[in-house]
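Before I ask anything, here is the structure I am working with.
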Amino acid sequence: MLLFSFFPLSTVNCQLSTVNCQLFLLGNAMNDINTRRMKLSQIQALIAVADCENFSEAALQMELSQSAVSHAIASLETELGVQLFHRGRHGAQLTPVGERVVLHGRQIVRSLEMMVKEADLEKGLQGGQVRIVTFRSVATHILPGIIAQFRDRFPKIAVSITEVYYTQAVEEALRSGKADIGFVSLPISDEFESREILRDKYVVLLPPTAKLSSGKITWEELANHPLILQPPETACSIPLRKYLATSDFPLNIAYELSEDSTIVSMVMGGLGATIMPRLAAEPIPAEVKVCSLPAAFERVIGVAVLKDALLIPAVFAFLDLVKSATEIEYDTDFPINPS
């Protein structure tokens, strides 16, 4: 009411009519924009000129004539009803609204590229084979669930698995082209691209008759048991033996065996104790005592491919599934069952 008291009523009505008329015209102008008349080539020209800040350089980049690029920008400006560039002797600079519009243009081009990528991926996922090389614990406990999901999504792609004992054998299979994907203990050689997928803690397995006062063994207690370990050149044994060298008590390595299940059976039979990654030890008989090491120790499991290898889409699809799979977690402390 106070506002209106400064002007005659007729003047106020006239100004309100003018505002309403402008809003009506603006609304009509916005409604006149027909996105179906916009062309992808216009959006590509918009991005090229914005990047080059020059019509002639943008034309060279797009392998078009300068007049064609100028016409594309002019047509887009006409359709949108706004000026996208300031033109001058020093080139073309985006206007404030042009800076905002070009962001949306880039999103459109990126979306188009993703459409093409999805189509190419689908065409490449109608067959082929993914060749995997790995050690037993990954093949037993990690891969079955991932492969089942992969087969559900891509039933026409075959998956083969080769089991080896050593990380060096995994590297050699990738290097020679006999496998596409390898599961390894990290770190590995720089000639491979790798990604961590899991940390697996080493545990001590003791015979059913062993007596301990807590869930963590001491070096002195460990020295009282004959040890059953894998050979020193295996992926699990190499870092473990370096770790055991930190003990102040001499340790007795009585047996060296390659098969995890055989080692666990020997522990079950009372022939000694073993130290191995929890994943490698599974399944552990209920009678076997499980405890932690004097100091925490773990292995890092990763997935690897050869750098610059020519991989088919099926391999990339499998890698994506591995990356998205939930990492398996294990407790750091385990109960013991003293007799």
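The values are calculated or read from the model by the stated rules, or taken from the named source; none is laboratory data. Bear in mind that the values here come from a model prediction, so they are computed numbers and not experimental data. Cβ: placed from backbone, ideal geometry, glycine included. Neighbour counts: every protein chain shown. Each accessible area value is taken on the protein alone, full model and side chains, heavy atoms only, with ligands, DNA and RNA left out. Shrake-Rupley method; radii C 1.70, N 1.55, O 1.52, S 1.80 Å.
How do 170, 82, 116, 164 rank by accessible surface area computed with a 1.4 Å probe, from largest to smallest?
Largest accessible area first, the residues go 116, 82, 164, 170.
Indicate, rounded to the nearest 5 percent, the antiparallel portion of the DSSP beta bridges found entirely in the chain.
65 percent
Checking the table 117/201; 242/289; 39/323; 289/323; 39/156; 178/242 against a 29 Å threshold on Cα-Cα, which pairs fail?
117/201; 39/323; 289/323; 39/156; 178/242
Quick check: from the Cα gyration tensor, does segment 215-269 come out rounded (a/c under 1.5), prolate or oblate?
Since a/c reaches 1.5 but b/c is at least a/b, the shape of segment 215-269 is classed as oblate.
Continuing with this model, one more query. Scan around residue 273 for amide H atoms under 5 Å from its own, H built in the peptide plane at 1.01 Å from N, and keep only partners 5 or more places away or cross-chain.
Long-range HN contacts for residue 273: 227, 228.
How high is the relative contact order of the chain? Use alpha-carbon pairs under 8 Å, at least six apart in sequence, and give a whole percent.
18 percent
Got the relative contact order for segment 89-188 handy, in percent, Cα pairs under 8 Å and 6 or more residues apart?
Once normalised by length, the contact order is 32 percent.
Where in segment 133-239 are there GluC sites (Glu not before Pro) that are in a DSSP coil and have at most 12 other Cβ atoms within 10 angstrom of their Cβ?
Answer by residue number: 191, 233.
When Lys and Arg each count +1 and Asp and Glu each count -1, what net charge do the other residues less than 12 Å away from residue 233, Cβ to Cβ, add up to?
Net of charged neighbours comes to 0.
With each run of n ≥ 4 DSSP H residues scored as -39500 (n - 2.57), what mean residue ellipticity at 222 nm is computed for the chain after dividing by its residue count and rounding to the nearest 500 deg cm²/dmol?
My calculation for the chain gives -14000 deg cm²/dmol from helical runs alone.
Further question on the same structure: Per-residue HN-Hα couplings for segment 58-75, Karplus 6.51 cos²θ - 1.76 cosθ + 1.60 at θ = phi - 60°, whole Hz, x for Gly and Pro?
For segment 58-75, the Karplus-derived couplings read 5, 5, 4, 4, 8, 6, 10, 6, 4, 5, 5, 5, 4, 5, 4, 5, 4, 5 Hz, x marking Gly and Pro.
Quick one, which of (1) 19.7, 63; (2) 34.1, 109; (3) 18.8, 57 is the actual Rg and Dmax of the Cα atoms in Å calculated for this model?
The value computed from this structure is option (2).
On C-alpha positions alone, give me the angle between the axis of helix 96-124 and the longest principal axis of the chain, in degrees, nearest 10.
That works out to roughly 50 degrees.
Okay, next question. Could you state the number of Å between the C-alpha centres of segment 88-117 and segment 127-175?
Here the two parts' Cα centres lie 43 Å apart.
So, one more: If you rank 318, 249, 297 by how much accessible surface each has, with a 1.4 Å probe, what is the order from largest down?
Solvent-accessible surface, decreasing: 249, 297, 318.
For residue 192, enumerate residues with amide H under 5 Å from its amide H, sequence gap 5+ or separate chain, H modeled in the peptide plane.
Residues meeting the amide H criterion: 307.
For segment 141-226, which trypsin sites (Lys or Arg not before Pro) are both in a DSSP coil and crowded by at most 13 other Cβ atoms within 10 Å?
156, 178, 211
Could you check how much of the accessible area of the chain is carbon and sulfur, as a whole percent, using a 1.4 Å probe?
Carbon and sulfur atoms account for 56 percent of the accessible area of the chain.
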